[in-house]
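**Q** This is the structure, below, for whatever I ask next.
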Amino acid sequence: MAKAKKNYICNQCGSVTQKWAGKCESCNEWNCIEEDLTSAQCVPKGMSTAKGRKIELAPLGEFEPTNYKRAISGISEFDRTCGGGLVPGSATLIGGEPGIGKSTLLLQTVCALSKKNQRCVYISGEEAMDQVRMRAARLGLADSPVELASATNVRDILSSVDGADILIIDSIQTMYIDNIDSAPGTVTQVRTSAQEIIRHAKAKNMSVIFVGHVTKDGQIAGPRVLEHMVDTVLHFEGDRSHQFRILRSVKNRFGATDEIGVFEMAGEGLREVLNPSEIFLSQRNQNAAGSAVLAALEGSRPMLVEVQALVAPSTLASPRRSVLGWDPNRLAMIVAVLETRTGLQISGCDIFLNIAGGIRINEPAADLAVAAALISALQNNPLPPETVFFGEIGLAGEVRQIAQGDLRLKEAAKLGFREAIIPKSKNKKPPRKVAANEIRISEIDHIQMLSDMFASNQGVKAYA
Ligand code: TYD
Ligand code: MG
């Protein structure tokens, strides 16, 4: 018989190789290749000719919605991000940096759920029971009927949680299965523990939420398969020096992705932020050059954020570019487009860009606001205070349309903005008016028009 081949797996990116190496070829991390104990014994061979058991095929339409009544915690930011509550039998993974507030969020969520007649079990592999109790007391939730344990052995845990509706595992990296011969936190242990817990949870119709650690570049540690195994992946992000935290859904089998929930970390735990725009704009200095307001859209939720730019003369051969909360490559592109298509001399300057409040914006709709902030900073000319921007910029300098313009305009109007500079719409309708509160709209189709508005020295009003 052929000798069983060993496989090796990278514990950072999950890629499989036949040979051990000091450095992973696919993700370039060092010291992350380890033996894959689950696949060591399986020599791939074809299926034998023995017949299998017949499986029953069923029609598509026999769905009983009452079996899938979502568990709603009442923490609306959390419920919305999950797609409207936790689906029974679903597996959710929450990733985030250490100390960002994952344990706090989950403790608050289970306490809320336990008061809605859900039987909740909180298993902590990282903290002792008294530490969790102390936190609950601090959050004023000590009276919640949550069942608590400090344990890491998956076999013991699964034997003790029968009948629970919600199971929290904090964190999956501390769990281990006693008959697998590797340390907790290794790929084999993380993957197999998650597999066993999910299988058990699905069989018992129990929702399980895993906490997952992240690597230094923000990916959930352990193999990528962990993300494939669960139904929902949430990232809890934010800057530890800011009080805002964003819960973002990046995968959801039961709802929309890109949905976000906004929280504020306060002395008494996480507080929901129901009107993020007001808070993100609350500290804006309206008369400062280099500040533009972006009407962003996160999932289904419009949100106004402030884009701040600082452009300073540089003494360096390659000027500094420093970006917080946005994609540095995208900034390089906007700078190049501004210089090439409008003739502004900007690429020789040091450029600092910041999305205020510690939030991260990913959508290309931010391009126009960034360009406006850059031009305003370069010319030391403050933008009109009641103006919002959104639109994507192409390499030819064209301003492209983006999705859900009306939703963004409505949010801007609601917060008292009076002007909007947005991409030109294809169907030549007269400028749109937002019904509730009138907002004047200037449509532009090229970045040159934006820089002309500044050159006219009358601000955007010249174009309306
Ligand atoms: P924690 O939930 O332990 O983070 P994680 O599980 O993601 O590692 O959160 C710890 C941080 O939250 C800690 O730095 C203190 C802060 N915090 C507050 O500011 N207020 C609070 O009420 C609580 C419970 C924590
Ligand atoms: Mg924790």
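The values are calculated or read from the model by the stated rules, or taken from the named source; none is laboratory data. Only a predicted model underlies this, so the values are computations on that prediction, with no experimental measurement involved. Every residue, glycine as well, gets a Cβ built from its backbone with ideal geometry; the counts of neighbours run over all protein chains shown. Side chains included, ligands, DNA and RNA excluded: accessible areas come from the protein's heavy atoms. Shrake-Rupley method; radii C 1.70, N 1.55, O 1.52, S 1.80 Å.
**Q** Given the structure, is Asn285 more than 16 Å from ligand 1 (Cβ to nearest atom) and more than 16 Å from the chain's Cα centre (by Cα)? Break it down stepwise before answering.
**A** Values: more than 16 Å from ligand 1 (Cβ to nearest atom): yes; more than 16 Å from the chain's Cα centre (by Cα): yes.
Considered against the rule, which asks whether it is more than 16 Å from ligand 1 (Cβ to nearest atom) and more than 16 Å from the chain's Cα centre (by Cα), Asn285 comes out as yes.
**Q** Is it fair to say Glu268 is open to solvent by 10 Å² or more (accessible area, probe 1.4 Å) and in the same structural domain as Leu107 (by TED's automatic domain parsing)?
**A** yes
**Q** A follow-up question, please. Within the range 99-113, which residues are open to solvent by 10 Å² or more (accessible area, probe 1.4 Å) and more than 14 Å from ligand 2 (Cβ to nearest atom)?
**A** Matches in the range 99-113: Ala112 only.
**Q** Another question, if that's okay. Tell me yes or no: at least one residue of the range 79-98 is modelled with pLDDT under 90, open to solvent by 40 Å² or more (accessible area, probe 1.4 Å) and closer than 18 Å to Ile168 by Cβ.
**A** yes
**Q** Name the strands (runs of 3 or more DSSP E) wholly inside the range 321-408 in which the number of residues that are in the same structural domain as His242 (by TED's automatic domain parsing) and open to solvent by 50 Å² or more (accessible area, probe 1.4 Å) is 1 or more.
**A** Answer list for the range 321-408: none.
**Q** Does the range 240-254 hold any residues that are of a type outside the set (A, V, I, L, M, F, W, C) and buried (at least 17 other Cβ atoms within 10 Å of the Cβ), and which are they? It would help to see each step written out before you state the result.
**A** First pass over the range 240-254, keeping only residues of a type outside the set (A, V, I, L, M, F, W, C): 240-243, 245, 248-249, 251-253.
Result: Gln243, Arg245, Arg248, Ser249, Asn252.
**Q** Under 6 Å between Cβ atoms, which residue pairs at least 6 apart in sequence (or on different chains) link something in the range 249-274 that is over 19 Å from Asp239 (Cβ atoms) and among the charged types (D, E, K, R) with a partner that is more than 11 Å from ligand 1 (Cβ to nearest atom) and assigned to a strand (DSSP E or B)?
**A** Lys251/Val233; Glu259/Ser249
**Q** In the range 121-174, which residues are assigned to a helix (DSSP H, G or I), surrounded by fewer than 18 Cβ atoms within 10 Å (Cβ to Cβ) and in contact (Cβ under 8 Å) with a residue 60 or more places away in the chain?
**A** Within the range 121-174, just Arg138 meets the criteria.
**Q** Filter the range 309-320 down to the residues that are surrounded by fewer than 22 Cβ atoms within 10 Å (Cβ to Cβ) and not basic (Lys, Arg) and list them by number.
**A** Leu310, Ala312, Pro313, Ser314, Thr315, Leu316, Ala317, Ser318, Pro319
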